[in-house]
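A.B. asks: The structure follows.
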Amino acid sequence: MGEVFEFTVNGSVQRTEEDKPLLRFLRDDLHLFSVKDGCSEGACGTCTIVIDGKAVKSCVLTTRKAVGKNILTVEGLSEEWQDAFVYAFGSVGAVQCGFCIPGMVMAGTALLQKNLNPTEEDIKYALRGNICRCTGYKKIIEGIQLVAAILRGDAAIDENLEKGDVYGVGQRAFRVDVRKKVLGYGKYPDDIVMDNMAYVSAVRSKYPRARVLKIDASKAEALPGVLGVLTAADVPNNKVGHIQQDWDVMIAEGDITRCVGDAICLVVAENEDILNKAKKLVKIDYEELEPVRGIADAKREDAPKVHSKGNLCQTRHVVRGDAAKALAESKYTVTDSFRTPFTEHAFLEPECAIAFPYKDGIKILSTDQGAFDTRKETAIMFGWEPERIVVENQLIGGGFGGKEDVSVQHIAALAAWKYQIPVKAKFSRQESLFFHPKRHAMEGTFTLGCDENGIFTGLDCEINFDTGAYASLCGPVLERACTHSVGPYCYQNTDIRGYGYYTNNPPAGAFRGFGVCQSEFALESLINVLAETAAQNLTERSHQHDGQGVADAHANAVQCGIDHIVLAGEHLGTAQDDAVNNDQGQEDAQCIVQADHVGVHEHLDDGHEACDDNDVAGQMDFCGDHVAQQRDQDIGADQHERESRTHAQRAGNCRGNSQAGAG
């Protein structure tokens, strides 16, 4: 008999001879599924438990190091504490995807066991090792404050709130899934265990672009407990894709990889330990090739083709009016180029799915953002009618766009159909980072113009997206970036060209904002430059004075310009709504935009009365107050126009005072 490791879990003595991560013992041996596996690297905090009164990440502690310790998980909390956390987190709205919540509960428990009257800073410090991707922490902090109040006797649980008999507009709503998420018994796919279940995982490419010369899986296949190794030859149709079917299920011998993380083969084994050993036994011979590193590379005439049809994945062209003519006739124009990077979604639950034979097809238990899209893509891979595939979503531990494409669902289905048993596929955190689509990296050049009154005249821009190795949602995301690149402003001359390029970078697809974040970042940055350009021209004409007066005038003019450009969009939206039945509605709305753009006028109406020399700050405060007031008022188009003209006059006064200040 080997060494025995003994410790206490939720009041019960546990013993094991295996020296392994405590996280794996709690989940795999004891089935304590409140302890979530978000990274297995000690980074996210979803596996937080309490050990001897301290919050600890169970993935970094082993069973050997746990000897003699007293371990507490959510399942071991008293009913009083469980109910307090459920009510508090539910009533303040602290629970969204829920994957981080049991870890937050245990971090809060470790704090409240020592201090039932914590400050907000105490709570923040206690949660420092726990990541939440959904809530922004505010509601979780409020939840722990309320738990403390309940346990002190300063607050009470309203049982009727969770029952939810009284719902309606203006009423507080208690999510129906709060209790199972807070207490950790709600099922995400990785929490599901089935009889005779096997595990599948891919051996993935080490190189962004390389030819696969040979796959030697003989040693892996000979390992006891390995059911088999699948390659591209085992796939009925080796293509999937959300919209364009350009994504290989696996890269075949003789073919070229398109990104780090491309699947070369699938290993299927009886358990995860055997699976990990077998993957290391697969030998793949590569011929490393020069990759397409970015948009500039992809555009080259002599660039390697990421796909056989070339490197241009998608294009969009949105035109209105004559942007070239409008910009040529503009008083001011500015041109600049902008870059934004790939962005990771960082959802806390890595991708996981279970598939098993069902009727004449397959059933998939998944965590994704589109059950019907998963069915469609899996059906394409099999060459089946979609009706043979059933997809049942479990709890989803965050997505934000990053779980719209199939990742593990189709490979679990392929293995389950091949071996006619339940099969689980799940990503490590590193696999997830390699594989799932990111926010598109953008490179764009924008030109924006305005007239002498600061009214936008035209926009010309070219937007280039790096969609990485596969299309994913390149087309719709690119289209949204182009159609929204004009911003919420009224001008009639635009020429927007969009291009999405294949590269050997990780794929890019959906992400909150869906392309608009990139183009709006560029536009709003350029508006600042345009406002500053117009204001600079003004200050240069403010006599020949120098020193702080000119600097102050310049700063005030710029701020006035920016404030009024932003306000223009707000006035326009309400004015257009109010003027639906007014034949002059669109003209009125345009007048409002013109009035609000006075903040960047080059010249001022002679009739505008200048502010007192010492009242610049007061006038700027007035501008800010006026914005807030306008947001709260529900007035007609005529009133908006009157208010806008008043606001324009104040802006002119600010500008006049800026000139005076320079003197």
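The values are calculated or read from the model by the stated rules, or taken from the named source; none is laboratory data. Not measured: the values here are computed from a predicted model. All Cβ positions, glycine included, derive from the backbone under ideal geometry; neighbour counts span all protein chains shown. Please note that ligands, DNA and RNA were not included when accessible areas were found on the heavy atoms of the full protein model with its side chains. Shrake-Rupley method; radii C 1.70, N 1.55, O 1.52, S 1.80 Å.
A.B. asks: Show the residue pairs meeting these rules: Cβ distance below 7 Å; 6+ apart or different chains; first residue within segment 303-332 and touching a residue at least 12 places away in the same chain (Cβ under 8 Å) and open to solvent by 90 Å² or more (accessible area, probe 1.4 Å); second residue outside any loop (DSSP other than H, G, I, E, B) and of a type in the set (Ser, Thr, Tyr).
C.D. replies: Cβ pairs passing all conditions: 320/494.
A.B. asks: For segment 428-459, give me each residue that is open to solvent by 10 Å² or more (accessible area, probe 1.4 Å), in contact with an Asp or Glu (Cβ under 7 Å, 6 or more places away or on another chain) and among the hydroxyl-bearing types (Ser, Thr, Tyr).
C.D. replies: 445, 447, 457
A.B. asks: Every residue in segment 355-386 that is more than 18 Å from residue 435 (Cβ to Cβ), outside any helix (DSSP H, G or I) and among the β-branched types (Val, Ile, Thr), please.
C.D. replies: Across segment 355-386, the qualifying residue is only 362.
A.B. asks: What are the residues in segment 440-459 that are under 20 Å from residue 532 (Cβ atoms) and not in a strand (DSSP E or B), if any?
C.D. replies: The answer is 451, 452, 453, 454, 455.
A.B. asks: So, one more: Can you tell me which condition residue 177 does not meet? The list is (1) among the acidic types (Asp, Glu); (2) open to solvent by less than 40 Å² (accessible area, probe 1.4 Å); (3) over 28 Å from residue 80 (Cα atoms), and all the others hold.
C.D. replies: All conditions are met except number (3).
Okay, residues lined up against (1) open to solvent by 10 Å² or more (accessible area, probe 1.4 Å); (2) touching a Leu at 6+ places or on another chain (Cβ under 6 Å); (3) under 24 Å from residue 337 (Cβ atoms); (4) assigned to a loop (DSSP other than H, G, I, E, B):
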residue	(1), (2), (3), (4)
461	no, no, yes, no
467	no, no, yes, no
472	no, no, no, yes
495	yes, no, yes, no
510	no, yes, no, yes
514	yes, no, yes, yes
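A.B. asks: Regarding segment 327-345, can at least one residue be identified that is in contact with a strand residue (DSSP E or B) (Cβ under 8 Å, 6 or more places away or on another chain) and at positive phi? Walk me through how you get there before you give the answer.
C.D. replies: First, the residues of segment 327-345 that are in contact with a strand residue (DSSP E or B) (Cβ under 8 Å, 6 or more places away or on another chain): 327, 329-345.
Then drop every residue that is not at positive phi, which leaves none.
The answer is no, given that none of the residues of segment 327-345 is in contact with a strand residue (DSSP E or B) (Cβ under 8 Å, 6 or more places away or on another chain) and at positive phi.
A.B. asks: Could you tell me whether any residue of segment 158-168 is modelled with pLDDT under 95 and aliphatic (A, V, I, L, M)?
C.D. replies: Checked segment 158-168: at least one residue is modelled with pLDDT under 95 and aliphatic (A, V, I, L, M).
A.B. asks: Only residues that are in contact with a helix residue (DSSP H, G or I) (Cβ under 8 Å, 6 or more places away or on another chain) and more than 19 Å from residue 104 (Cα to Cα): list them for segment 175-215, please.
C.D. replies: Of everything in segment 175-215, those that are in contact with a helix residue (DSSP H, G or I) (Cβ under 8 Å, 6 or more places away or on another chain) and more than 19 Å from residue 104 (Cα to Cα) turn out to be 198, 199, 200, 201, 202, 203, 204.
A.B. asks: Okay, next question. Checking the conditions here, which among 68, 53, 38, 45 is open to solvent by 40 Å² or more (accessible area, probe 1.4 Å) and in contact (Cβ under 8 Å) with a residue 60 or more places away in the chain? Can you show your working first?
C.D. replies: On the way: 53 fails: open to solvent by 40 Å² or more (accessible area, probe 1.4 Å); 38 fails: open to solvent by 40 Å² or more (accessible area, probe 1.4 Å); 45 fails: open to solvent by 40 Å² or more (accessible area, probe 1.4 Å).
After applying the criteria, what remains is 68.
A.B. asks: What is the one condition in (1) touching a residue at least 60 places away in the same chain (Cβ under 8 Å); (2) surrounded by 17 or more Cβ atoms within 10 Å (Cβ to Cβ); (3) closer than 25 Å to residue 187 by Cα that residue 126 does not satisfy?
C.D. replies: (3)
A.B. asks: Kindly list the number of the only condition in (1) modelled with pLDDT of 95 or more; (2) over 30 Å from residue 337 (Cβ atoms) that fails for residue 456.
C.D. replies: (2)
A.B. asks: Out of everything in segment 208-264 that is part of a loop (DSSP other than H, G, I, E, B) and among the polar types (S, T, N, Q), what residue ends up being surrounded by the most Cβ atoms within 10 Å (Cβ to Cβ)? Outline the logic, then answer.
C.D. replies: Keep residues of segment 208-264 that are part of a loop (DSSP other than H, G, I, E, B), which gives 208-209, 217, 223-225, 231, 235-238, 241-246, 249-255, 257-262.
After this cut, where a residue has to be among the polar types (S, T, N, Q) as well, the list is 231, 237-238, 244-245, 257.
Values: 231: 20, 237: 13, 238: 18, 244: 16, 245: 16, 257: 26.
The selected residue is 257.
A.B. asks: Of all residues in segment 352-378, which are open to solvent by less than 50 Å² (accessible area, probe 1.4 Å), modelled with pLDDT of 95 or more and out of contact with any strand residue (DSSP E or B) (no Cβ under 7 Å at 6 or more places or on another chain)? Before the answer, list the steps.
C.D. replies: Initially, segment 352-378 is screened for residues open to solvent by less than 50 Å² (accessible area, probe 1.4 Å), giving 352-357, 361-368, 370-371, 374, 377-378.
Subset that is modelled with pLDDT of 95 or more: 352-357, 361-366, 371, 374, 377-378.
357 - this is the single residue of segment 352-378 that is open to solvent by less than 50 Å² (accessible area, probe 1.4 Å), modelled with pLDDT of 95 or more and out of contact with any strand residue (DSSP E or B) (no Cβ under 7 Å at 6 or more places or on another chain).
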